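Some notes on the structure that comes next.
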Amino acid sequence: MRIVCPGCKAAYQIPEELLPQRKMVTFKCKKCHCQIQFARPQMKEKESSTIPSDDKSSQTEKISIQVPAEHDPAKVRALKSKIRMCLMGFIPPVAHVIAKAQKVMADPYAGLRELTEVIETDQGITTNALRVANSAYYGLSGKVTSIGHASVLLGNKILGEIVTMAGARGFLGESLRGYGLDSGTLWRHSLAVAVGSKLLAVKKCPEFEQDAFVAGLLHDAGMIMLDPHIFEKKGAFDEIVSDGSYTFLQAERMILGTDHPEVGAEMFGEWGLPRTLMKSVATHHRPVSSGGPVGYVVHLADIMARRCGHGIGADDMLYTPDDKAMEFLGLEEAELTGLQSEISESVGKIMSEVLEEPV
């Protein structure tokens, strides 16, 4: 389906099978940032070869693309096993700090001193945490001089949020050559999704506010593990996504036999992070009840972040809100649109003093 921006006349080609049925679709023009809204047309049948769909509950989805011969099922299975083996050895130092911080926060008997001690074991995280704490987002610009001081001014919950943000910045800030993402692109998107997840959780399920923030921040971390393997098959990957009709997610599954939500969830299992976080990350592109409220929240926050200019690639406009997620949280399309400006404002406040610094 060809959509033309009413402002700058930029054209977007969006496959009809990826649009939600009986819904008004809204997204932001990548060029002039104008809001584009249109009604989804009647679904059309396509005769084509099959590749795995984004919904694991169905076995195949008809998509008009020829699968290159190199995507042999046996080779895909072997590559998937190789990726799983790599997962077992990929535990960056920051992961230990994040995991410990999450455990301290989950302990009702732990205090600020315990969390402060965890943060101060890593100098890089301590430095980044102080930058975040002094950003305009928390309203304490120039007032926080130490982690102990931050714990007194902000409290345990916010300090845990800050340490996760500061820690994740290190490994999410690198460039991803396979996906063609510049340094900082994935980090900015992840930050926007974290902020959006927190905003949604506060409004619809406040008891999951912190879980939603962490899940939003780490939801695409699996891309880091997949990037070297995507780079090895970059020609095939670029061929699939080049015309703007297929998502990174679909391309991952075609050439690797797995995808970044699945790998991310398994990676967090290796890191010792909570199972609730693993499930919400695993389902953020295909939300189901097993992902819980946080899975639905992160799914919608991911889409809002893409719409307000904090996406990661050419496939940003191919993702649309899942009807089940909207119904579960009792949301209307207009509410998502309204929250997008809040996301942009919040991310801007953090970026102004934090993200401009080298990672």
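Results, tabulated for the structure shown:
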item	result
Normalised contact order of region 131-282, rounded percent, pairs of Cα under 8 Å and 6 or more residues apart	17
When each of LYS82/LYS349; LYS103/LYS143; LYS198/LYS324; LYS157/LYS279; LYS100/LYS349; LYS143/LYS198 is checked by Cα-Cα distance, pairs over 30 Å	LYS82/LYS349
GluC sites (Glu not before Pro) within region 287-353, DSSP loop, no more than 11 other Cβ atoms inside 10 Å	GLU332
Kirkwood Rh in Å, taken over region 130-208 so that all alpha-carbon pairs contribute	14.0
Globularity index of region 76-355, i.e. its alpha-carbon radius of gyration over 2.2 N^0.38 Å	0.96
Selected from SER197, VAL347, VAL152, residue furthest toward positive end of dipole (region 76-355; charges at beta carbon)	VAL152
Length-normalised contact order for region 76-355 - Cα pairs under 8 Å, 6+ apart - percent	21
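Any read-out appearing in this document is the output of simple, stated calculations on the displayed coordinates, not a laboratory observation. No experiment lies behind these values; they were computed from the predicted model shown. Glycine gets a Cβ as well: all are built from the backbone with ideal geometry, and neighbour counts include every protein chain shown.
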